[in-house]
Amino acid sequence: MTKPEKTLMISPIQHGTVIDHITPGQGLTVISILGIARGTSETVTVACNVESSHGGRKDLVKIANRELVKEEVDKIALVAPDATISIIRDYQVVDKKLVETPDIISGVITCPNPNCITNTKEPVPTIFAAHSRGFRCRY
């Protein structure tokens, strides 16, 4: 008896972005970070908890006709630090990068301190700096 061939049935995209090696269970969080909501006109493919050729499991997101900006990639790095971002043009990978956790992140994380100036009515954005155990509010 022959073993069935392993294949992943996800259609290629002509132009867009592939976010691969997302921490298992974080694919839908990545979709949320990117502001992709129900009823979107964008073509999006999400694969959750699939086998990885590097061993283990992963999530994967493909977004047709959209290239991510640095701020979006920085946010993704917070929930999927091992993710790779591939830019696709004419069905070919033209750029592939590992996400990098930024040293400073602004306006993304909410400070847990209710007395922090960023949690008042003052128009002050949050600024968090990388710390040995995560991120720490600058204020």
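The values are calculated or read from the model by the stated rules, or taken from the named source; none is laboratory data. What you see is a predicted model, and the numbers here were worked out from it, not measured in a lab. Positions of Cβ are backbone-derived with ideal geometry, glycine not excepted, and every protein chain shown enters the neighbour counts. We work out accessible area using only protein heavy atoms, side chains counted, and drop any ligands, DNA or RNA first. Shrake-Rupley method; radii C 1.70, N 1.55, O 1.52, S 1.80 Å.
Worth a mention:
- Put a plus charge on the Cβ of each Lys and Arg, a minus charge on the Cβ of each Asp and Glu, and nothing anywhere else: the dipole of region 19-93 about its Cα centre is then about 140 debye.
- Note on residue 116 and residue 84: with the Förster distance fixed at 41 Å, the Cβ-Cβ geometry gives a FRET efficiency of about 0.75.
- Residues considered: 65, 113, 49. Largest GNM mean-square fluctuation over the chain, using C-alpha springs under 10 Å, is found at 113.
- The accessible surface of region 65-139, taken with every protein chain in place and a 1.4 Å probe, is 49 percent carbon and sulfur.
- Anisotropy class of region 51-108 from Cα gyration tensor, a/c 1.5 cut: oblate
- For region 54-60, 3J(HN,Hα) per residue [Karplus equation, 6.51 cos²θ - 1.76 cosθ + 1.60, θ = phi - 60°, Hz, x = Gly/Pro]: 8, x, x, 10, 7, 10, 8
- Here the simple spin-label model places points 7 Å from the Cα toward Cβ, and for residue 129 and residue 95 these points are separated by 2.9 nm.
- Annotation: per residue accessible area for the chain equals 68 Å², rounded to a whole number [probe 1.4 Å, protein chains only].
- Using Cβ point charges alone (K and R +1, D and E -1), the dipole size of the chain about the Cα centre works out to roughly 260 debye.
- Note on residue 103 and residue 139: the model spin-label points, each 7 Å out from Cα along the C-beta direction, lie 2.3 nm apart.
- The C-alpha atoms of the chain define a longest principal axis, and helix 70-79 lies at about 80 degrees to it.
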